[in-house]
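Trainee: Quick one: structure below, then a few questions.
The values are calculated or read from the model by the stated rules, or taken from the named source; none is laboratory data. None of the values given here were measured: they were computed from a predicted structure. For neighbour counting, all protein chains shown are included, and Cβ atoms are generated from backbone atoms with ideal geometry for every residue, glycine included. Remember, those area values only see protein heavy atoms, side chains included, never the ligands or the DNA or RNA. Shrake-Rupley method; radii C 1.70, N 1.55, O 1.52, S 1.80 Å.
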Amino acid sequence: MNNRYLIEANNLKKTFDTKDGGILKNIKKSRLKVYAVDEVTFKLEPREIIGLIGESGCGKTTTAKILLKLLNVDEGELFYKGENITHFKNRELSEYRKKTQIVFQDPYEFLNPRMNILNIVTEPLLINKQLNSENVKIDKAVEVLESVGLNPAKSFLYRFTHELSGGQRQRVAIARALILRPDLIVADEPTSMLDVSVRAGILNLLLGLKDQYNLSMVFITHDLATAGYMCDRIAVMYKGRIVEIGPKKEIIYNPRHPYTKALVEVAFDLKNFLENKDSFIKDGEVDSYEQNDYCSFEKRCVMMDANCKHDGHHKMQQVGENHFVACCKCEH
Amino acid sequence: MKKFNDNLKLFFSNKLGLIGTVILVGFILVAIFAPQIAPYDPYQRIGVPFGKPSMQNWLGTNDVGQDILSEVIYGTRISLLMGLLSAGVALIIGTIVGLTSGFFGGRIDTVLMRAVDISLVIPMLPLMILLAAFLGPSFWNIVIVIGILSWASPARVIRSQVLTIKNKGYIEAVKATGGKSSYIITKHILPPTLSIIISQLILMSSRAILMESSLSFLGLGDPTQKSWGIILYYAQSRSAFLSDAWIWWILPPGLLITLLVISFAYIGNSLEQIVNPRLRR
Amino acid sequence: MKFIVGEDIVLMSSEEKAEVLEKHGLNKPVFEQYLNYIGSILKGDLGYSYRSQKPVTDIVSERLPWTLLLSITNIILSTIIGVAMGTWAAWNRGKKIDIVLNNIFVFFRSMPSFWIGMIFIAVFGARLGWFPIFGAQSVWAGYMGFEKIVDIAMHLIMPTITLVILSVSSIYLTMRYSMIDVLGEDYILMAKMKGLSDKKVRYTHAMRNALIPVVTIVMLNMGYMVGGATIIETVFSYPGMGRLLFEAVTNRDYPVIQGCFFMITICVIAANIIADFIYPLLDPRVV
Amino acid sequence: MALLEVRNLTTYYETKIGYNEALQGLSFDLEAGGILGLIGESGCGKSTAGFSMMNMIEYPGKIMDGEVILDGKDLIKMDRNELRKVLWKDIAMIPQSAMNALNPAYKVGKQILEAIKLHFPEMSQEEAVAKVEHLLNLVGIDAKWYHGYPHKLSGGMKQRIIIAMALSCDPKVIISDEATTGLDVLIEAQILALLKKIALDRGLGLIIISHDLNMVTAICNRIGIMYAGMLVELTTTENVLRNPKHPYTRALFSSQIDSKDFDKKVTSVDGVVPKLVNPEDKCRFYDRCNRKFEMCERKCPSLISISDNHRVACYLEGDNHE
């Protein structure tokens, strides 16, 4: 049973109907299948942090929800410690859910405003019937609150979320995720709602907890700098597909996909990007989620030409150690 | 607990809410102590028919010589009780529909909401007249008719509240920890919905009182129970509006209906302001 | 179809019964009755009244115009008053005028409509004699031309005011909330920053968007207004559909009841269709 | 003379327990062609600053003091009618959440046209329409969108429309209040590039209000750092990057991730922003400062010049010792 990988995602696919909702509304009245996640494959080792990066609607949050089994895939398989969990139900599923937890973007949304911190933090124990007495409850809560840096923990127990600052709330959310001692934490843009001066504290806390509790993490963000700070590996997603995946230094110092290149430039040399933006990306945005079989980035790519339009060109190819790119213009 | 006190303060900081409460408490007291307050038994003939107001009969007597003041006082009982009971029936149905529809969504939601739309659009009163006439006049029939025909709008309000809560991050978080539907409903969805249910109950009561009076006025109420609507029904059928009798026969019951409905409306509105922060501006 | 004949039939002698059953086609199997019913509705035939033996179609079409007159006048007036007052209150939110208006409309909403009608009759009809208290026109006076129009208008005034008091509050409240919502939108701020005058902001930018929920509420209230018309027609002995329905119910005249419901449903559906045409004019997002 | 002079601009909000001193004594100059960044965290008063400069503060807010002098005229002293003539014509704003700044009921072209016709009543219909189409092209939107409704546009396109609208009456100053927040990074960068280009081409004064240090340093030539309603440092971008003086500015930079060295730990600033309702008269950064001394608790330091083009509100710098 012991397997090298904690999580293996194999060719995950998930489609949504475009019947309603947002931008998709304008495409066509007919029921178009839209790939929210398309052929997503990656592996996650224990104690590893992988970053999913991309713009809104690129499928990063959908991928995370699939990992947490909050959504079922249409196609593809998901393995946890070598075990196929794609079709887990009921008992097996709740066992798996104890091992995976999520930290959301907006801690205020994520925490029930009517519950005090003690009840919020210990709720996972209650749900999984691991609470025997009030004393155990308080002890566990204090322990976990201290580990996320809320000191003195006792003074927080009976407060409500609206009495806390943004950073403190996010710490409570992390404490709640930790209390079941999971193997995997999915952090969905955990710092994007926070002020810069607070953000650093949360990032450092997550890194510290990873070492302390031997956690693996899926870290979702739209900010490449944050991903660079947090992650071991980075997967860049565009329109539901992973377009480039590799160790963070490879991605940031040696980006190969045109989309990654643009992202790197914006994050680390914005001034240069502002002056020469036309050499990085074409004007326009993701106007349609219709997928083709050669390249998702077709419409905005500055390197696009007729040679690109061959079916199967969206497949990943290796360009370096552990570094894969979905672009036919990238030779080794 | 602190939050409860805050809300109480907020509720009473709204002067209208306070006025409404005072009036309602007054009505409830009158309803409970009607036999002690009323000078006569309203079902007893105590004077000449169509008597003018006098020291004995402050509001005169009706067509069969019963004391109108006593009728009006006893009427408080019937009208108040009927309003609350009908609203209760409506809210039970509305809550079940709203919760199921909002929480489970999908096809159930589509079907139930279509039903809500239809029952909101169809003319309510004609349907009530039909049902009431069909079931025959009795206290409970009226309660049931009003109740089963006015569940739609509370169902809609409750559903939208459930939907808002259901889409909150913390519900997803609970699901991710393995919380079951029953746990989520009882622990996370019902408590914040309860206050909306109560405020709806109060608003529905005020509407039910009006509907009851309308049905009774049309002669579809229980003629053996003296509600305000029934008093007005007899006043109308005896053409009280053609003589001076309207001042003591028609005016008082109508004013009392208005006053009671207003008190409910004030209470309901200030409750809603607490429950629905969007309105708190 | 069978159950709907009601208890009256139990009281009839067997010959009468057979005759009635024959006449109304009730001696055939239920399914065939239903098909016949649908078929005849499509042909515009709603059957015969049990009581007066006249065709229901005739009875209904005689009453329908009066209800339409009353309801349409009511909808137009309520909408104009509700929208104007709602806008005024929202613009002056929290000030004295807003509070006064709110309380007036809560008061309107809390009065039983039939009671207002009775008071009107007693005061302006019986006491002061300003308005006629009965019916939709002075049938026996034999007015012609302009005189007839004035006569009908005089008969219309009190029922209409009563009905407006009943239905204006929900329009007012919806307009006020919706306007307050819209006034908080960023595009209103934008319009102000562009240097537009308050009046322009209010009428071109805010009003149009705020009206959208009002159309919905008017549409949803159509049934409620028709219901309100039922009771007010009864109070004023106004010869409309509502009064007809009430009479039919008390007489257990089921074909007429069916006919009334059929007509009322048609009216409500028609109103909804009209509203569907108005929507896109106000809100380009609805196509 | 500077294009825009803001002097001691002070805006408070009325609350039940006293005034919330959201903006206290904001002063700066803006030259034509200058791009000034106002940066700070949530609650630092930067949005209040933007609206105060437009004299668009509404109840419960109130401008208590100060001058906003544009072309020798003080916007704060104007009455509503005078102000209406100046707004948009001389000073325009791209508000936060531009997504919602377009009226859903009207065609986008109409909404731009409305401003032009209001401020240039003598312009003919054809000229005005031509101008709108020109503006749309300028911001990279096909002129056919003149007849489009806002709900048909994506977020980035709406943002561009708003920029076109801000430019429509050829203002001298444009204030951009977190205008690109919420857009995807690449779209944001493209729009910033557009904004910068237009400002430089037309010699506008541009004020960028933002929380994003990376963005502000890339686009602006002068930067004001705000904290708890006050400007704590105002200087050139060069100085901010190379030689930040105020402890808060330094803290902000040490919480930024270093792109050259991801292993370098970032640090956060402990503590929270002080309450601004009836604040104590001490340095507003006092509670979170790691270099405070007894002077700081006595009186709030004011913004003083420590060298050319460098002003700081801290007792550690210059002669700020009274």
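Trainee: Scan chain A and hand back the longest stretch that contains none of the GluC sites (Glu not before Pro) lying in DSSP loops with at most 14 other Cβ atoms within 10 Å.
Mentor: Between the exposed loop sites, the longest stretch runs A:1-289.
Trainee: Find the centroid of the Cα atoms in region A:168-238 and in region D:150-226, then give the distance between the two in whole Å.
Mentor: So the separation of the two Cα centres works out to 30 Å.
Trainee: Rank B:94, B:106, B:254 by mean-square fluctuation in a GNM of chain B with C-alpha springs under 10 angstrom and give only the top-ranked residue.
Mentor: Residue with maximal mean-square fluctuation among B:94, B:106, B:254: B:106.
Trainee: Taking a probe of 1.4 Å and counting only protein heavy atoms, give the total accessible area buried between chains B and C in Å², rounded to the nearest 100.
Mentor: So the total buried area for this chain pair works out to about 3600 Å².
Trainee: Continuing with the same structure: When N is the residue count of the protein assembly as shown, what does its C-alpha Rg come to as a fraction of 2.2 N^0.38 Å?
Mentor: Cα-based Rg divided by the globular estimate yields 1.09.
Trainee: At 0.36 nm per residue, and after removing the present C-alpha to C-alpha distance, how many nm does the segment from residue D:305 to residue D:127 gain when stretched out fully?
Mentor: Extending this stretch completely gives an extra 59.3 nm.
Trainee: To the nearest Å, what is the center-to-center distance of region A:47-76 and region B:13-77, using C-alpha atoms only?
Mentor: About 69 Å separates the Cα centre of region A:47-76 from the one of region B:13-77.
Trainee: Specify the residue with the greatest mean-square fluctuation among A:173, A:153, A:36, computed from a Gaussian network of chain A linking alpha-carbon atoms under 10 Å apart.
Mentor: A:153
Trainee: Same structure again: So how much accessible area does residue A:328 have, in Å² to the nearest 10, using a 1.4 Å probe?
Mentor: 30
Trainee: Calculate what fraction, in whole %, of the accessible area of region B:35-122 sits on carbon and sulfur atoms when a 1.4 Å probe is rolled over the protein chains.
Mentor: Carbon and sulfur: 68 percent of the exposed surface of region B:35-122.
Trainee: Through the Karplus equation 6.51 cos²θ - 1.76 cosθ + 1.60, θ set to phi - 60°, convert the phi angles of region D:151-166 into ³J(HN,Hα) values in whole Hz; use x for Gly and Pro.
Mentor: 5, 7, 9, 7, x, x, 5, 4, 4, 5, 4, 5, 4, 4, 5, 5
Trainee: P(r) for region B:1-152, please, calculated from all Cα pair distances in 5 Å bins and given in %.
Mentor: Values per bin, smallest distances first: 2, 8, 10, 11, 12, 14, 14, 11, 7, 5, 3, 2, 1, 0.
Trainee: Mind telling me which of D:158, D:282, D:172 comes out most flexible in a GNM of chain D, alpha-carbon contacts under 10 Å?
Mentor: Result for chain D, Cα springs under 10 Å: D:282 fluctuates most.
Trainee: Still on this structure, please answer the following. To the nearest 0.05, what FRET efficiency results for residue D:221 and residue D:8 with a Förster distance of 22 Å applied to their C-beta separation?
Mentor: Here the calculated transfer efficiency is 0.40.
Trainee: So which of A:13/A:60; A:43/D:265; C:194/D:117; A:249/A:299 end up more than 19 Å apart, counting from Cα to Cα?
Mentor: From the list (A:13/A:60; A:43/D:265; C:194/D:117; A:249/A:299), the Cα-Cα distance tops 19 Å for A:43/D:265; A:249/A:299.
Trainee: Can you list residues from other chains, or at least 5 along the same chain, whose modelled amide H is less than 5 Å from the amide H of residue C:47?
Mentor: C:56, C:57
Trainee: I would also like to ask the following. Return an integer: the convex hull volume of the alpha-carbon atoms of region C:56-282, in Å³ per residue.
Mentor: Convex hull of Cα atoms, per residue: 153 Å³.
Trainee: If you don't mind, there's one more thing I want to ask. Against the longest alpha carbon principal axis of chain D, how many degrees, from 0 to 90 and to the nearest 10, is the axis of helix D:185-202 turned?
Mentor: Approximately 80 degrees, to the nearest ten.
Trainee: Any chance you could list the semi-axes, whole Å, largest first, of the equivalent ellipsoid that the Cα gyration tensor gives for chain D, using √(5λ)?
Mentor: After diagonalising the Cα gyration tensor, the semi-axes are 36, 23, 18 Å.
Trainee: Rolling a 1.4 angstrom probe over the protein chains, ignoring ligands and nucleic acids, what is the accessible area of residue B:251 in square angstrom, nearest 10?
Mentor: That residue has around 50 Å² of solvent-accessible surface.
Trainee: Next question. Please work out the Cα center distance from region B:93-143 to region C:248-272, rounded to the nearest Å.
Mentor: For region B:93-143 versus region C:248-272, the Cα centre distance is 19 Å.
Trainee: Same structure, new question: If each DSSP helix of 4+ residues adds -39,500 (n - 2.57) and the sum is divided by the residues in chain D, what number results at 222 nm, nearest 500 deg cm²/dmol?
Mentor: Counting only the DSSP helices, I get -9000 deg cm²/dmol.
Trainee: Also, quick follow-up: Give me, ordered by chain and number, the residues 5 or more places off residue D:65 or on other chains with an amide H under 5 Å from its own placed amide H.
Mentor: Sorted by chain and number, the residues that satisfy this are D:10.
Trainee: How long are the semi-axes of the equivalent ellipsoid of region D:140-298, taking √(5λ) for every eigenvalue λ of the Cα gyration tensor, in whole Å from largest down?
Mentor: 36, 18, 16
Trainee: Say the cut-off is 19 Å between C-alpha atoms; which of A:69/B:175; A:210/D:260; D:260/D:292; D:85/D:107 go over it?
Mentor: From the list (A:69/B:175; A:210/D:260; D:260/D:292; D:85/D:107), the Cα-Cα distance tops 19 Å for A:210/D:260; D:260/D:292; D:85/D:107.
Trainee: Provide the descending list of Cα extents for region A:255-332 along its principal axes, expressed in whole angstroms.
Mentor: Principal-axis extents of region A:255-332 (Cα, largest first): 36, 33, 20 Å.
Trainee: What FRET efficiency do you get for residue D:73 and residue D:120 if R0 is 22 Å and r is their Cβ-Cβ distance, rounded to the nearest 0.05?
Mentor: 0.70
Trainee: Here is a follow-up. Expected output is a single nm value to one decimal: the length gained when fully extending between residue B:148 and residue B:198, i.e. 0.36 nm times separation in residues minus the C-alpha distance. What is it?
Mentor: 16.2 nm
Trainee: Which number do you get for Rg(Cα) / (2.2 N^0.38 Å) in chain B?
Mentor: 1.17
Trainee: For the pair residue A:4/residue D:278, report the inter-label distance in nm, with labels modelled 7 Å from Cα in the Cβ direction.
Mentor: Label at residue A:4, label at residue D:278, 6.7 nm between them.
Trainee: A follow-up question, please. Taking only Cα atoms, what is the 0 to 90° angle, nearest 10, from helix B:139-149's long axis to the longest principal axis of chain B?
Mentor: The two axes meet at around 40 degrees.
Trainee: Further question on the same structure: Angle between the Cα long axis of helix B:152-166 and the longest principal axis of chain B, 0 to 90 degrees, nearest 10?
Mentor: The angle comes out at about 20 degrees.
Trainee: With a point put 7 Å past each Cα toward its Cβ, work out how far residue D:211 is from residue D:58 in nm, to one decimal.
Mentor: If labels sit at residue D:211 and residue D:58, their model points lie 2.3 nm apart.
Trainee: Now a separate question. So, R0 is 56 Å and r is the distance between the beta-carbons of residue C:199 and residue D:290; what FRET efficiency does that work out to, to 0.05?
Mentor: Calculated transfer efficiency: 0.55.
Trainee: Taking the full set of protein chains and a 1.4 angstrom probe, give the accessible area of residue D:270 in square angstrom, rounded to the nearest 10.
Mentor: 120
Trainee: Further, regarding this structure: Using a basic spin-label model with each label point 7 Å from the Cα along Cα→Cβ, how many nm lie between residue C:146 and residue A:283?
Mentor: Between residue C:146 and residue A:283, the label points sit 6.7 nm apart.
Trainee: Now a separate question. Give me, ordered by chain and number, the residues 5 or more places off residue D:226 or on other chains with an amide H under 5 Å from its own placed amide H.
Mentor: Excluding prolines and chain starts, which carry no amide H, the hits are D:39, D:40, D:232.
Trainee: Setting aside same-chain residues fewer than 8 positions from residue D:62, which aspartates and glutamates have a Cα under 18 Å from its Cα?
Mentor: List returned: D:14, D:21, D:74, D:79.
Trainee: Let me ask something additional. Could you list, by residue number, the cysteines of chain D that have no other cysteine's beta carbon within less than 4.7 Å of their beta carbon?
Mentor: D:44, D:169, D:220, D:289, D:300, D:314
Trainee: Moving to a separate point now. On a 1.4 Å probe surface of the protein chains, which of C:67, B:224 comes out largest in accessible area, and what is the full order?
Mentor: Of C:67, B:224, the descending order of accessible area is B:224, C:67.
Trainee: In straight Cα distance, which lysines are under 25 Å from residue B:9, not counting same-chain residues fewer than 8 positions off?
Mentor: Within the straight-line cut-off, residue B:9 pairs with C:95, C:96, D:16, D:275.
Trainee: I'd like the projected area of region D:270-322, averaged over all directions, using the convex hull of its alpha carbons. Report it in nm² with one decimal.
Mentor: 4.2
Trainee: Before anything else, pin down the relative contact order of chain B: Cα pairs under 8 Å, at least 6 apart, normalised by residue count, whole percent.
Mentor: Reported relative contact order: 26 percent.
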